[in-house]
1. Can you work out which of the residues in segment 489-501 that are more than 14 Å from Phe571 (Cβ to Cβ) and at pLDDT 85 or above is surrounded by the most Cβ atoms within 10 Å (Cβ to Cβ)?
2. Please go through segment 436-452 and give me each residue that is β-branched (Val, Ile, Thr) and either modelled with pLDDT under 95 or not in a strand (DSSP E or B) (or both), ordered by number.
3. Which strands (runs of 3 or more DSSP E) does segment 4-70 wholly contain that include 1 or more residues that are within 23 Å of Gln116 (Cβ to Cβ), open to solvent by 30 Å² or more (accessible area, probe 1.4 Å) and out of contact with any Leu (no Cβ under 7 Å at 6 or more places or on another chain)?
4. Would you confirm whether or not segment 393-402 contains a residue that is closer than 30 Å to Met339 by Cβ, under 23 Å from the mean Cα position of the chain (by Cα) and of a type in the set (Val, Ile, Thr)?
5. Hey, any hits in segment 182-204 for a residue that's modelled with pLDDT of 95 or more, buried (at least 22 other Cβ atoms within 10 Å of the Cβ) and not in a strand (DSSP E or B)?
6. For segment 349-380, name all the residues that are at pLDDT 95 or above, small (Gly, Ala, Ser) and surrounded by fewer than 24 Cβ atoms within 10 Å (Cβ to Cβ).
7. Under 7 Å by Cβ, and 6 or more places apart or on different chains, what pairs join a residue from segment 109-125 that is of a type in the set (D, E, K, R) and open to solvent by 20 Å² or more (accessible area, probe 1.4 Å) with one that is at pLDDT 95 or above and part of a loop (DSSP other than H, G, I, E, B)?
8. Can you report the number of residues in segment 316-348 which are among the charged types (D, E, K, R), part of a helix (DSSP H, G or I) and surrounded by fewer than 18 Cβ atoms within 10 Å (Cβ to Cβ)?
Amino acid sequence: MANYHFAELIHRQAEKYGDRVALKYLDQASGKWQKISWKEFSRRVMLTAKAIAEFGIEPQENVGVYSQNMPQCLFTDFGAYANRVVTVPMYATNSPEQIEFIINDATIHTLFVGEQLQYNNAFKVQKRNDCLKRIVVFDPNVKLNPEDKTSIFFGDFLRLGDCANAEAIVNVRMKEASPEDLATIIYTSGTTGNSKGVMLHHSNYLEAMRIHDIRLTMVNDRDTALSFLPLTHIFEKAWVCYCLHKGVTVVLNQDPKQITEVLPAIRPTLMCNVPRFWEKVYTGVHDKIHTFPRPIQRMIMSAIETGRLYLLEYRNKGIEAPATLKAKFNLYDKTIFQMLKKVIGIDRGRLFPVAGAPLADHINEFLQSVNIPIAYGYGLSETTATVSFYVERGFVIGSIGTVMPGLEVKIDPANQEILVKGKTVTCGYYKRPDENERSFTPDGFFRTGDAGRLEGDTLYFTERIKDLYKTSNGKYIAPQAIEGVISSDRFVEQIAVIADQRKFVSALIVPNFQALEEYAERKGWPPFASHEEATRRPEVVRLFEVHIEKSQQNFAPFEKIKRFTLLSEPFTMEGRELTDTLKLRRRVIAEKYAERIEAMYRD
């Protein structure tokens, strides 16, 4: 299919699809789902493009987008691309300090913001910062600060471009748009320090569209994709661009907390997500199974095993299954599995890409066994998302998929680091020649910072090199691998492994208090007075000791958690323990919980 430059993509799709629905979003005021046709999408992108030109924003100038997932984000992105302007997305949860760093680093004079929180933070920064000149506000219900004399609402901003001169400027710029133009600067979450701006050119995106067309032959313009992750995240950003490139209807989910209501309402055929979402699905299903009488439990477990045999041992390997097995699977697929998926809202699902963190093998296997079509993969901001993911048939559980066409991947023999080269790989970090020199090999391969191995075209992830801990006994520990196994336990909500320069492995654990309270009720324990009180209960501590020990059966002795501390409050982005992509900020956790960590190592 045609692979259009993003400066013209929406307009070309509007010519093809006209009044068909391109976007859907939930109007927060009315609570009703609103539809935007391709024709209307094109019109609003052009209005935005003309306003950007009239606003005096020049080609290759950087503008910021600090918002939740809203249609205006896409109008701004594609309006900017029409002007050869660079967009710099920021997470809606970013603090004033975080956005100020990006504003200064990327020299952003114009910032588009979503709702009240983003406006308040942005205006606070503008008052003390000479770089940020103007704020454009998406949500018309935002209350502007009485001192604010420069901000403008998006509706008023669009009216600025309603002139012939602006249209002429945009038309010229669209004709001049080139694959070599810088499109986006994606700032990494910064688990170990200040974030870095990853430069992605239009050529990176165009190549990403091309190679995904080769691999994702099942995606078509009859699909509906739910955009759940923030559009700031390269996984979601590239995925939404791909869906628009294929003519897919994109449903924007503005509030991640509403996902359990949104999924059954939309019933998407496509949705990309991170492993944490599927871990919760796994835990929720198993919690429900445990409430059923024993005969029902046995029947469900038999159905899951039937699905595993048929889907993984036969269909995935291209082997014809015995007729009786196929018949049993078809029965379970139309009853138990369909009912399970319908409750979640994924019963129409055809493809669910998952990446962003390790996915435990047993959770992956379970999802595959109940016929949830997840495609596990691996990628980075620096590679325009995908490096590898599961092919439709012949994938290997335990791997992170088959390397994408057009990419070269090799393993550094010195430290087993995954190295990547290809047209989707960034040319480097914005204004960071020092980082660029460290991040590329002499022959042009990007250093991912992840260790792995390659068997043919199948890639395996082993550990995050920067996250490796070395105990005081000289043993190397991969905390993510341990956390991945332990966090799949239904009583564990979050876990942070501690081991660096320590004599043994310990952990900070946030319990799944809902699961814990339900278990306590079944056991007849006295009700918990509070989460804090629950973490001190001897019977609760013993429960976690048993479950952690069971989870660690396949660990080497030096990898096993010897001591742990239960926390009453979760790790959060607001508390700075999590990045905006929900990765642990280990340094922050180590500092914040220093006293409790030290207590675990006292003899």
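The values are calculated or read from the model by the stated rules, or taken from the named source; none is laboratory data. The structure presented is a predicted model; accordingly, all values stated were derived computationally and were not measured. Cβ sites come from the backbone with ideal geometry, for glycine too, and all protein chains shown count toward neighbours. Areas reflect the complete protein model, heavy atoms only, side chains present, ligands, DNA and RNA absent. Shrake-Rupley method; radii C 1.70, N 1.55, O 1.52, S 1.80 Å.
1. Across segment 489-501, the extreme among qualifying residues is Ala499.
2. Thr441 - this is the single residue of segment 436-452 that is β-branched (Val, Ile, Thr) and either modelled with pLDDT under 95 or not in a strand (DSSP E or B) (or both).
3. Qualifying strands (runs of 3 or more DSSP E): 21-26, 33-37.
4. Checked against the condition, which is being closer than 30 Å to Met339 by Cβ, under 23 Å from the mean Cα position of the chain (by Cα) and of a type in the set (Val, Ile, Thr), segment 393-402 yields at least one hit.
5. Scanning segment 182-204 turns up at least one residue that is modelled with pLDDT of 95 or more, buried (at least 22 other Cβ atoms within 10 Å of the Cβ) and not in a strand (DSSP E or B).
6. Selection gives Gly349, Ser369, Ala375.
7. From segment 109-125, the pairs are Glu115/Gln68; Glu115/Asp139; Glu115/Val142.
8. If we filter segment 316-348 for residues that are among the charged types (D, E, K, R), which is where we start, we get 317, 320, 326, 328, 333-334, 341-342, 347-348.
Imposing the further condition that a residue be part of a helix (DSSP H, G or I) reduces the set to 326, 328, 333-334, 341-342.
Those left that are additionally surrounded by fewer than 18 Cβ atoms within 10 Å (Cβ to Cβ): 326, 334, 342.
Count: 3.
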